[in-house]
Amino acid sequence: MTGACPILVVTPNPAVDVTYHVAEEVAWDGVNRVQSVTRRAGGKGLNVASVLLQLGAAAELAGFLGGPQGEALRRLVDIRLDGDWVDIEGETRCTTAVVDTRSTTLFNEPGPAVGDADWECLTRDVAARATQGGVVVLSGSCPPGTKPEHVKALIDAAHAAGASVLADTSGPLLLEAAAAGADLLKPNREELLEATGADTVTAGATALLERGASAIAVSSGEKGLFLFIRTDDGISSWSAAPAEVVHGNPTGAGDAAVAALALGLNRIAAGADPSVAWPRTLAEAVAASAAAVLIPVAGSIDTVARERFLPNIHVKEFHVAH
């Protein structure tokens, strides 16, 4: 499974994930006694990198860190992940989850504001660390102060170094990533339709391809993944759904899919036949996503279940009208 080059995961808005476990249902207007507290390095990019390690790939991290929370996150990152962070003046965000007997409630801070100088530093870092034939993943939300041109500059820098770019973002930044020629975009269905104003997944994916992206992978919950590839002859498209219904925590399912897609993009950059590699990659992404649902904590997959799922996932090619 290991790709030819380490995969550089850019996570602009990482977080220290704090989880409070309470014995009974939360009393929102009263006092609650916490049974246990867990803290981990979080954010979508960290989840992607952690799954890459489980899939046997080498991964590196880049992003912004600041303040005591940033130092805490630096210490919490898996020692197998090489991280070269841009230090900023603001404080790295914290996300808080309250887990009771009935449900999980999340409180996600927006993150510290970043400016042009911060993004210029991060872009220089990516330019220095991206490699010919490698893959750069831009994953998760971007902090306040991020402009579309920041995303374009980062993608341009990765391409100039000879790397392919996979972007998992939303809103105007998703549109900008497409216009910048991202090699693969991974929105979910809601993000795709909201950003493009389209009525269907096919129409939304087509709109992003027409903006300049080379490929679009769209996640749609239990329906699985849809993949659209721009070719000289038009658009090639496939779909794949989980081999069985799984129940659990879907929080990190999309991040697990991104990890598998990044590995597929790495193989294609290394010379694999795209007509074979893309359907294989789609199946692997669906299997990884389903395997992530079985694990209560985002950033990890059930590797035994993944191996069980994979042979039974059927990838179907379908036609997109031109």
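The values are calculated or read from the model by the stated rules, or taken from the named source; none is laboratory data. Just so it is clear, the model here is predicted, and its values are computed rather than measured. Note: ideal-geometry Cβ built from the backbone for every residue, glycine included; neighbour counts use all protein chains shown.
Quick check on segment 154-189: of everything there that is under 13 Å from the mean Cα position of the chain (by Cα) and assigned to a loop (DSSP other than H, G, I, E, B), which residue is farthest from L265 (Cα to Cα)? Break it down into steps so the answer makes sense when it comes.
Of segment 154-189, the ones under 13 Å from the mean Cα position of the chain (by Cα) are 165-170, 174, 184-188.
Subset that is assigned to a loop (DSSP other than H, G, I, E, B): 169-170, 186-187.
Working: T169: 17, S170: 20, K186: 12, P187: 16 Å.
Only one residue tops the list, namely S170.
So, T200, is that one surrounded by fewer than 18 Cβ atoms within 10 Å (Cβ to Cβ) and under 30 Å from W28 (Cα atoms) or not? No.
Of all residues in segment 19-47 being touching a Leu at 6+ places or on another chain (Cβ under 9 Å) and closer than 26 Å to E307 by Cβ, which is surrounded by the most Cβ atoms within 10 Å (Cβ to Cβ)?
Quick first cut of segment 19-47, residues touching a Leu at 6+ places or on another chain (Cβ under 9 Å) only: 39-43, 45-46.
Within this subset, residues satisfying the condition of being closer than 26 Å to E307 by Cβ are 40, 45-46.
Details: R40: 19, G45: 27, L46: 29.
It comes out as L46.
Here A15 passes the criteria (1) at pLDDT 90 or above; (2) over 30 Å from S164 (Cα atoms); (3) in contact with a Lys or Arg (Cβ under 8 Å, 6 or more places away or on another chain); (4) not aromatic (F, W, Y) except the one numbered (2). Residues in segment 121-140 that are under 24 Å from G66 (Cβ atoms) and part of a loop (DSSP other than H, G, I, E, B): 2 in all. Look at A298 and say whether it is part of a helix (DSSP H, G or I) and closer than 27 Å to T19 by Cβ. So A298 fails the test. A search for C-beta distances below 6 Å between a residue of segment 191-212 that is farther than 12 Å from F226 by Cβ and any residue that is modelled with pLDDT under 95 and not acidic (D, E), counting only pairs 6+ apart in sequence or on different chains, returns E191/S170; A195/G171; L209/R230.
Scanning segment 39-78 for residues that are among the hydrophobic types (A, V, I, L, M, F, W, C), within 17 Å of the chain's Cα centre (by Cα) and part of a strand (DSSP E or B) turns up A41, A59, L61, A62, F64.
Results for (1) modelled with pLDDT under 95; (2) in a helix (DSSP H, G or I); (3) polar (S, T, N, Q), shown as yes or no for each residue.
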{"site": "T105", "(1), (2), (3)": "yes, no, yes"}
{"site": "W119", "(1), (2), (3)": "no, yes, no"}
{"site": "C142", "(1), (2), (3)": "yes, no, no"}
{"site": "K152", "(1), (2), (3)": "no, yes, no"}
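Of all residues in segment 79-87, one or more are at pLDDT 95 or above, charged (D, E, K, R) and over 18 Å from the mean Cα position of the chain (by Cα).
Of the residues making up segment 88-101, not a single one is under 18 Å from R129 (Cβ atoms), at pLDDT 90 or above, hydroxyl-bearing (S, T, Y) and touching a Gly at 6+ places or on another chain (Cβ under 7 Å).
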